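**Student:** Pasting a structure below so you can have a look.
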Amino acid sequence: MDIQSPGKLVELLDRHAYLADEGLATAAFLALRMGRPLFLEGEAGVGKTELAKTLAKLLKAPLIRLQCYEGLDAAQALYDWDFARQLLHLKAAEAAGVTDVGRLEGEIYDRRFLIARPLLKAVETQPSVLLVDEIDRADDEFEAFLLEVLSDFTISIPELGTIRAETPPVVVVTSNRTREVHDALKRRCLYHWLEHPDFDREVAILLRRLPGCGETLALQVARAAERLRRAGLVKPPGVAETLDWTEALLTLGAKELDPGLAAATLGAALKYREDVASVLGNGLLQHD
């Protein structure tokens, strides 16, 4: 798909109910045009992962997701051999009387026995969108390994040789900044910090993503979300939580943010007991 400008990308994202501001659209447009990974950093729930999902939809490309976690290593991200199938093949060959060791070794390390993990899938799939989600949860060693893969989208498999992407995937790397990611990885990428949406944009997001939501409820929920983000909570709600909260209210038939109903559904927006107690104790759900 030929996207001519950041403004055009805003329009395309909007068709898929993702409302991007000019800064995010410009960063994503440049990443697409320049073939560089897009590094999105910001608090949880501000729309980093959702952007990758939406880009995959508008580009009509599969989304390949690598969820990072502590202890993630190259084998879990690249490929693995299907040992069970290899063993069955050896037993079948033995039963058939095959004794050529060289032939058997070549057969068991055939491509059909290789299990492609996300990074290899992304290199082999054209086009594709690779989402490396929450890189800040991975170890430093994996971060260095990822940098190497993103430099040329080439993966070497000793038994099969080198696999190179004919068309590099669109890459979105996200971080919730639970720790600092090394500068080397950031330098390889185009960087953008995602803020919580401003009041008007959050109202627009609620109305767009939840067709059953009326303007009154959207205004009141967005205003309440603003208050919660200024309250010094352990984990203030992102737009993802605001959407969940509004959906919960709609499910209960709410047309406006009644304080009692808001308190009963607060678990959709806040995930820490201390935050819930603070909000209820300080009357932060009362209307202005």
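The values are calculated or read from the model by the stated rules, or taken from the named source; none is laboratory data. Treat the numbers as computed from the prediction; the structure is a model and nothing was measured. Here the Cβ positions follow ideal geometry from the backbone for every residue, glycine too, while neighbour counts run over all protein chains shown. These accessible areas exclude ligands, DNA and RNA; they are computed on the full protein's heavy atoms, side chains included. Shrake-Rupley method; radii C 1.70, N 1.55, O 1.52, S 1.80 Å.
**Student:** Under the 0.36 nm per residue contour assumption, what length would be gained going from the current alpha-carbon distance of D14 and V276 to full extension? Show your work: numbers first, answer last.
**Tutor:** Numbers: separation 262, 0.36 × 262 = 94.32 nm, distance 3.32 nm.
So the chain would gain 91.0 nm between D14 and V276.
**Student:** Give me the extension gain from E195 to R103: residue separation times 0.36 nm, minus the current Cα-Cα distance, reported in nm with one decimal.
**Tutor:** Working: separation 92, 0.36 × 92 = 33.12 nm, distance 5.77 nm.
So the extension gain works out to 27.3 nm.
**Student:** What number in nm² do you get for the stretch 106-243 if you take the convex hull of its Cα atoms and divide its surface by four? Working shown, then result.
**Tutor:** Numbers: hull surface 47.6 nm².
So the Cα hull casts an average projection of 11.9 nm².
**Student:** Given an 8 Å cut-off on Cα distances and at least 6 residues of separation, report the relative contact order of the chain as a percent. Walk me through the intermediate numbers first.
**Tutor:** Numbers: 426 pairs, mean separation 62.3, N = 288.
22 percent.
**Student:** Who wins for biggest fluctuation among P127, P237, P211 in a Gaussian network model of the chain, springs between alpha carbons below 10 Å?
**Tutor:** P211
**Student:** GNM, the chain, Cα, under 10 Å: largest mean-square fluctuation among D183, D140, D14?
**Tutor:** Result for the chain, Cα springs under 10 Å: D183 fluctuates most.
**Student:** Share of the stretch 212-288's accessible area from carbon and sulfur, percent, 1.4 Å? All intermediate terms of the calculation are to be shown ahead of the outcome.
**Tutor:** On the way: 1870 of 3750 Å².
Here carbon and sulfur together make up 50 percent of the probe-accessible area.
**Student:** If I fit a long axis through the Cα atoms of helix 48-58 and take the longest principal axis of the Cα atoms of the chain, what angle between them do I get, 0 to 90°, rounded to 10?
**Tutor:** That helix lies at roughly 70 degrees to the long axis.
**Student:** Same structure, new question: Where does the chain land on the Kirkwood hydrodynamic radius, alpha-carbon pairs, in angstrom?
**Tutor:** Numbers: mean 1/r = 0.0463 Å⁻¹.
Across the chain, the inverse of the average 1/r is 21.6 Å.
**Student:** What is the helix-to-structure angle for 239-251, meaning the angle in degrees between its Cα long axis and the longest Cα principal axis of the chain, kept from 0 to 90 and rounded to the nearest 10?
**Tutor:** With both axes taken from Cα atoms, the answer is about 60 degrees.
**Student:** Using the Karplus curve 6.51 cos²θ - 1.76 cosθ + 1.60 with θ = phi - 60°, work out ³J(HN,Hα) for each residue of the stretch 176-186 in order, rounded to whole Hz, and write x for Gly and Pro.
**Tutor:** Here the 3J(HN,Hα) series is 8, 6, 6, 8, 6, 8, 4, 4, 4, 5, 5 Hz.
**Student:** Shape call for the stretch 127-175 from the C-alpha gyration tensor, a ≥ b ≥ c root eigenvalues: rounded (a/c under 1.5), prolate (a/b greater than b/c) or oblate?
**Tutor:** On the way: a/c = 2.77, a/b = 1.36, b/c = 2.04.
Since a/c reaches 1.5 but b/c is at least a/b, the shape of the stretch 127-175 is classed as oblate.
**Student:** For V132, which sequence-distant residues (separation of 5 or more, or a different chain) have an amide H within less than 5 Å of its own amide H, given hydrogens modelled in the peptide plane?
**Tutor:** Those lying under 5 Å, H to H, from V132 are L66, V172, V173, T174.
**Student:** Only sites in a loop by DSSP and with at most 15 other Cβ atoms within 10 Å count here; which GluC sites (Glu not before Pro) in the stretch 244-275 make the cut?
**Tutor:** Passing sites in the stretch 244-275 are E256.
**Student:** Rg(Cα) of the stretch 57-105 divided by 2.2 N^0.38 Å? Before the final figure, lay out each step's value.
**Tutor:** On the way: Rg = 18.4 Å, N = 49, 2.2 N^0.38 = 9.7 Å.
Scaled against compact globular proteins, the figure is 1.91.
**Student:** Follow-up. If you roll a 1.4 Å probe over the heavy atoms of the protein chains, what accessible area per residue do you get for the chain, in Å²?
**Tutor:** Details: 14390 Å² over 288 residues.
Counting only protein heavy atoms, the per-residue value for the chain is 50 Å².
**Student:** Right, next: Full-extension gain between T178 and S151, please, as 0.36 nm times their residue separation minus the C-alpha to C-alpha distance.
**Tutor:** Details: separation 27, 0.36 × 27 = 9.72 nm, distance 2.46 nm.
Full extension from T178 to S151 adds 7.3 nm.
**Student:** For the stretch 122-132, take each phi angle, set θ = phi - 60°, evaluate the Karplus expression 6.51 cos²θ - 1.76 cosθ + 1.60, and give the result in whole Hz per residue in order, putting x for glycine and proline.
**Tutor:** 5, 5, 8, 9, 10, x, 7, 10, 9, 9, 9
**Student:** As I understand it, the value is the acute angle between the Cα axis of helix 215-229 and the longest principal axis of the Cα atoms of the chain; what does it come to in degrees, rounded to 10?
**Tutor:** Result, in degrees: 80.
**Student:** Cross-link candidates for K60: which lysines have Cα within less than 24 Å, leaving aside residues fewer than 8 places away along the same chain?
**Tutor:** K8, K48, K121
**Student:** When the accessible area of the stretch 119-209 is split by element with a 1.4 Å probe, what percent falls to carbon and sulfur? Each step should come with its number before you reach the end.
**Tutor:** On the way: 2020 of 4350 Å².
Percent of accessible area from carbon and sulfur atoms in the stretch 119-209: 47.
**Student:** Once you've got the GNM for the chain with C-alpha springs shorter than 10 Å, pick whichever of P118, P37, P259 has the biggest mean-square fluctuation.
**Tutor:** P259
**Student:** If you don't mind, there's one more thing I want to ask. Could you check the spin-label model distance between R85 and R33? Points 7 Å from the Cα along Cα→Cβ, value in nm.
**Tutor:** 4.3
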